[in-house]
Amino acid sequence: MSLWIYNSLNRVKEEFIPLQDGVVTMYVCGPTVYGHAHLGHAKSYVSFDVVAKWLRHSGYRVKYIQNITDVGHLTDDSDEGEDKIARQARKERIDPMEIAQYYTRSYYEDMDRLGIDRPNIAPTATGHIPDQVNLISTLIEKGHAYEVNGNVYFSVESFKEYGKLSGRTTEEARQSGGRVETRSEKRHPADFALWKKAEPGHLMKWDSPWGSGYPGWHAECSAMAMKYLGETIDIHGGGMENKFPHHECEIAQSEAATGKPYVRYWMHNNMVTVNGTKMGKSLGNFINLKDIFKRFAPVVIRFFILQSHYRSPLDFSETAIDASRTGLEKLQDTWTRLQQAAPGSGEIETRPFQERLTEAMNDDFNTPIAIAVLFDLAKAVNTAIAAPSGLNQDSLDRCISLFRSFGEEVLGILQNPATEKGKTNNEDEETLDTVMNLLIDIRSRARSGKDYELSDLIRDKLAEAGITMKDTREGTEWSRS
Ligand SMILES: Nc1ncnc2c1ncn2[C@@H]1O[C@H](COP(=O)(O)OP(=O)(O)OP(=O)(O)O)[C@@H](O)[C@H]1O
Ligand SMILES: [Zn+2]
């Protein structure tokens with residue numbers, strides 16, 4: 001049975017055949033680390049985690065790269081506005097790199113709790129400035145880019161296939177080309193910045209052949225993907241709102257520089273929405289995972305996400321998450337009882353379930369169908385176990401193997417009661433959350449009563465225990481160092 005992936009570039013499902021036998025190269029756009037991760041990020045990274053897990057389960061060696069954007073992502077897509085990290089640093093009155101480090105750690109903490117495997121390599125944009133400078137220099141040499149006043153732009157007219165991913169023509173892209181001042185520097189309004197000159201006072205800047213400045217957001221992904229995975233990569237993932245301009249620009253830069261196809265299969269996850277609007281940091285309608293985890297175990301969130309397909313939108317609602325929790329509890333209950341069942345004489349024909357599960361995952365990672373099949377299997381198991389004849393050892397082993405492979409390993413939604421690892425982690429985390437909220441409250445009362453000795457004692461003792469407290473305008477946050 002072969003794997004079929006919906007390729008956003010050609011807008012059809014295509015059979016997946018990696019460039020190199022047995023190996024899959026995969027790049028997924030990572031977060032811009034200027035705030036805590038929200039449910040939208042969880043959808044993107046849980047979806048691609050399942051992609052990697054399924055590919056590994058199918059026998060491939062997967063080389064998964066996911067970057068950390070710590071410079072160059074501006075508040076405005078049209079090469080204007082402020083760097084998102086720099087803006088947050090100004091707000092919090094600390095160094096941009098402190099912001100990036102703090103939220104990077106926070107990001108991995110949340111992703112770990114969601115059961116997401118860490119990428120093989122997690123390169124940062126600031127750690128790869130020379131690679132980006134090299135890419136930009138190549139583009140200038142080949143006549144695809146030009147410098148004006150210390151800024152370097154990509155010439156979209158020099159790359160005939162610009163627009164092939166998003167379906168936008170350069171004429172349509174002209175609309176998003178920025179304000180008049182920037183436009184006047186550009187040869188074509190749709191040209192985009194590869195390198196930006198640092199204005200006085202800009203902290204995150206590097207020397208380059210074009211003076212002191214910083215790279216544009218699109219350049220980092222091309223440079224890092226090609227550095228670690230080669231000029232042509234198998235799978236590139238990201239949220240669908242990034243098709244334009246981000247991924248369109250990545251294609252243009254990479255293919256113009258190498259003359260080779262950049263990505264063979266483009267995969268885009270749909271959005272988590274709130275009342276139909278994209279959840280986003282810049283839109284201010286986001287729900288932090290850390291807050292959600294206070295009310296729901298991370299595995300419930302993972303299950304909630306995987307109950308809809310990665311290409312379908314997912315509207316946030318507590319009622320829907322609550323329904324997911326009930327469903328997951330039932331499945332987990334069967335999984336626990338299955339492992340404790342004493343052998344009897346009854347049988348379950350497991351082959352059809354295995355085929356349906358494999359078929360679902362091979363059909364563009366159809367996790368909602370795979371979950372529905374697990375529920376069917378759970379129903380059959382419950383009936384069989386409740387009957388006097390029970391299940392014979394062979395059937396028990398086969399059912400256990402299916403639950404383990406698909407429920408635990410591929411989807412990551414079930415926890416093994418034999419080890420109690422996942423469950424204990426979640427329960428520990430919930431207890432810690434409660435204790436920390438209590439300490440934050442006591443410390444804040446101490447400070448209101450001007451008892452700084454007590455408030456400092458709480459902060460210092462926690463620091464000794466490896467927990468950092470940080471006072472922000474929104475209140476006190478904490479993280480493990
Ligand atoms: N609401 C969402 N639903 C699904 N995926 C999302 C959502 N928001 C962001 N993503 C994806 O998460 C990844 C990281 O995005 P990024 O850090 O730039 O987040 P963001 O919250 O969209 O930021 P901003 O709101 O400032 O644009 C991208 O691939 C992006 O497409
Ligand atoms: Zn990217």
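The values are calculated or read from the model by the stated rules, or taken from the named source; none is laboratory data. Please read all numbers here as calculations on a predicted model, not as lab measurements. Quick reminder, even Gly has a Cβ in these numbers, built from the backbone with ideal geometry, and neighbours come from all protein chains shown. SASA here: full protein model, heavy atoms, side chains in, ligands and nucleic acids out. Shrake-Rupley method; radii C 1.70, N 1.55, O 1.52, S 1.80 Å.
Under 6 Å between Cβ atoms, which residue pairs at least 6 apart in sequence (or on different chains) link something in segment 454-471 that is touching a residue at least 60 places away in the same chain (Cβ under 8 Å) with a partner that is open to solvent by less than 60 Å² (accessible area, probe 1.4 Å)?
Lys470/Glu477
All but one of (1) of a type in the set (Phe, Trp, Tyr); (2) more than 17 Å from the chain's Cα centre (by Cα); (3) assigned to a strand (DSSP E or B) hold for Tyr64; which doesn't?
For Tyr64, the exception is condition (2).
Quick check on segment 17-36: of everything there that is more than 16 Å from ligand 2 (Cβ to nearest atom) and under 24 Å from Arg87 (Cβ atoms), which residue is modelled with the highest pLDDT?
It comes out as His36.
For every residue, the table says whether it meets (1) within 27 Å of Tyr107 (Cα to Cα); (2) in contact with a strand residue (DSSP E or B) (Cβ under 7 Å, 6 or more places away or on another chain); (3) surrounded by 14 or more Cβ atoms within 10 Å (Cβ to Cβ).
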site: Ala446; (1), (2), (3): no, no, yes
site: Tyr452; (1), (2), (3): no, no, no
site: Ile458; (1), (2), (3): yes, no, yes
site: Lys461; (1), (2), (3): yes, no, no
site: Ser479; (1), (2), (3): yes, yes, yes
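Take segment 245-273 and flag every residue that is away from ligand 1 (no atom under 12 Å from the Cβ), part of a helix (DSSP H, G or I) and not charged (D, E, K, R).
Pro245, Cys249, Ile251, Ala252, Gln253, Ser254, Ala256, Ala257, Thr258, listed by residue number.
Within segment 205-222, take every residue that is among the hydrophobic types (A, V, I, L, M, F, W, C) and open to solvent by 10 Å² or more (accessible area, probe 1.4 Å) and give me the one that is nearest to ligand 2 (Cβ to nearest atom). Break it down stepwise before answering.
Let us first name the residues in segment 205-222 that are among the hydrophobic types (A, V, I, L, M, F, W, C), namely 206, 210, 217, 219, 221.
The next check asks that each one be open to solvent by 10 Å² or more (accessible area, probe 1.4 Å); those that pass are 206, 210, 217.
Details: Trp206: 19, Trp210: 22, Trp217: 7 Å.
Here the residue is Trp217.
Scan Thr32, Thr25, Thr104, Thr126 and give me the residue that is of a type in the set (Ser, Thr, Tyr), in contact with an Asp or Glu (Cβ under 7 Å, 6 or more places away or on another chain), within 16 Å of ligand 1 (Cβ to nearest atom) and in the same structural domain as Ala193 (by TED's automatic domain parsing). Spell out how you get there, then give the answer.
Working: Thr32 fails: in contact with an Asp or Glu (Cβ under 7 Å, 6 or more places away or on another chain); Thr25 fails: within 16 Å of ligand 1 (Cβ to nearest atom); Thr104 fails: in contact with an Asp or Glu (Cβ under 7 Å, 6 or more places away or on another chain).
Answer to the check: Thr126.
Residues that are more than 24 Å from Val33 (Cα to Cα) and within 16 Å of ligand 2 (Cβ to nearest atom): does segment 269-292 have at least one? Break it down stepwise before answering.
Kept after step one, since they are more than 24 Å from Val33 (Cα to Cα), are these residues of segment 269-292: 275-276.
Filter once more, keeping what is within 16 Å of ligand 2 (Cβ to nearest atom): none.
Checking segment 269-292: not a single residue is more than 24 Å from Val33 (Cα to Cα) and within 16 Å of ligand 2 (Cβ to nearest atom).
Looking at (1) outside the structural domain of Val33 (by TED's automatic domain parsing); (2) more than 9 Å from ligand 1 (Cβ to nearest atom), which is the one condition that is false for Phe286?
Failing condition for Phe286: (2).
For segment 175-188, give me each residue that is open to solvent by 20 Å² or more (accessible area, probe 1.4 Å) and modelled with pLDDT of 90 or more.
Glu185, Arg187
Any chance you could count how many residues in segment 70-117 are at pLDDT below 95, open to solvent by less than 10 Å² (accessible area, probe 1.4 Å) and either among the acidic types (Asp, Glu) or closer than 16 Å to Val28 by Cβ (or both)?
2
Considering only segment 223-238, state which residues are in contact with a strand residue (DSSP E or B) (Cβ under 7 Å, 6 or more places away or on another chain) and open to solvent by 10 Å² or more (accessible area, probe 1.4 Å).
Those that are in contact with a strand residue (DSSP E or B) (Cβ under 7 Å, 6 or more places away or on another chain) and open to solvent by 10 Å² or more (accessible area, probe 1.4 Å): Tyr228, Leu229, Gly230, Thr232.
When Glu248 is evaluated against the numbered criteria (1) open to solvent by 50 Å² or more (accessible area, probe 1.4 Å); (2) touching a Leu at 6+ places or on another chain (Cβ under 8 Å); (3) not basic (Lys, Arg), which criterion, by number, is the only one it fails?
In the conditions (1) open to solvent by 50 Å² or more (accessible area, probe 1.4 Å); (2) touching a Leu at 6+ places or on another chain (Cβ under 8 Å); (3) not basic (Lys, Arg), Glu248 misses (1) alone.
Hey, Glu250 hits all of (1) away from ligand 2 (no atom under 13 Å from the Cβ); (2) within 18 Å of Ser155 (Cβ to Cβ) but one; which does it fall short on?
(1)
Counting only residues that are outside any loop (DSSP other than H, G, I, E, B) and within 30 Å of Lys186 (Cβ to Cβ), which one in segment 118-127 is least open to solvent (accessible area, probe 1.4 Å)? Before the answer, list the steps.
If we filter segment 118-127 for residues that are outside any loop (DSSP other than H, G, I, E, B), which is where we start, we get 121, 124, 126-127.
Add one more test, that the residue is within 30 Å of Lys186 (Cβ to Cβ), and what stays is 124, 126-127.
Details: Thr124: 46, Thr126: 26, Gly127: 50 Å².
Only one residue fits best here, namely Thr126.
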